[in-house]
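What follows is a single structure, written as structure tokens, with notes after it.
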Amino acid sequence: MAATRLITMHQNKGKSVAKSLSDRTDYAKNGEKTEHGQYISSYACQAESVDEEFMLSKREYERLTGRHPRGNIIAYQIRQSFKPGEITPEEANQVGYETAMRFTKGNHAFIVATHTDKAHIHNHIICAPIRGEVNPR
């Protein structure tokens with residue numbers, strides 16, 4: 001059974017929203033932690049350019065609606081940890097993907113990066129806070 005935690009990601013002090021998002025997605029996608037990217041999956045975005053795609057969605061949402069997400073949330077992260085020996089990296093990534101699909105209901109882009117660098121396998125699931133294809137009212 002996985003321990004799961006939802007974390008709101010905000011802009012870091014002294015850094016732009018784009019740099020804050022890039023730092024966090026780069027950490028999640030770190031090749032030393034994900035077996036050189038072998039355990040990264042994504043939905044409605046490309047893992048290689050996820051930070052740029054999330055920024056484009058954010059800008060497009062703000063342009064179309066004139067609204068800014070409350071608290072300037074730049075993304076959501078679900079951290080999901082498994083007991084040592086409980087699951088393989090492939091299974092953990094699949095569980096993470098299924099968790100993200102349930103959380104987003106398929107309405108938001110996300111990446112799942114499964115880290116294998118610790119005794120316990122864990123996922124960093126990063127979800128876009130808004131959907132890029134917004135219909136203005």
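Brief remarks on what is shown
- Ranked K15, K33, K105, K58, criterion: other C-beta atoms within 10 Å, fewest first: K105, K15, K33, K58
- Comparing N72, N123, N93 in a Gaussian network model of the chain where C-alpha atoms under 10 Å apart are linked, the largest mean-square fluctuation is found at N72.
- The reciprocal of the average 1/r between distinct C-alpha atoms defines the Kirkwood hydrodynamic radius, which for the chain equals 15.2 Å.
- When +1 charges are put on Lys and Arg Cβ atoms and -1 charges on Asp and Glu Cβ atoms, the dipole computed for the stretch 3-127 relative to its Cα centre reaches about 740 debye.
- ³J(HN,Hα) computed for each position of the stretch 105-118 - Karplus, 6.51 cos²θ - 1.76 cosθ + 1.60, integer Hz, glycine/proline x: 6, x, 9, 9, 6, 7, 10, 10, 10, 8, 9, 10, 7, 10
- A DSSP coil position with no more than 11 other Cβ atoms inside 10 Å describes the following GluC sites (Glu not before Pro) in the stretch 1-68: E32.
- Once the gyration tensor of the Cα atoms in the stretch 2-67 is diagonalised, the equivalent ellipsoid follows with semi-axes of 24, 15, 13 Å, ordered largest first.
- For H115, residues with placed amide H under 5 Å, excluding near neighbours: H122, N123, H124
- Given K29/K118; K33/K118; K29/K105; K15/K58, the pairs whose alpha carbons are separated by over 20 Å: K29/K105
Computed from the coordinates by the stated procedures, all read-outs in this text should not be read as laboratory data. Predicted, not measured: the structure shown is a model, and the values here were computed from it. So basically every Cβ, Gly included, is an ideal-geometry build from the backbone, and we count neighbours across all protein chains shown.
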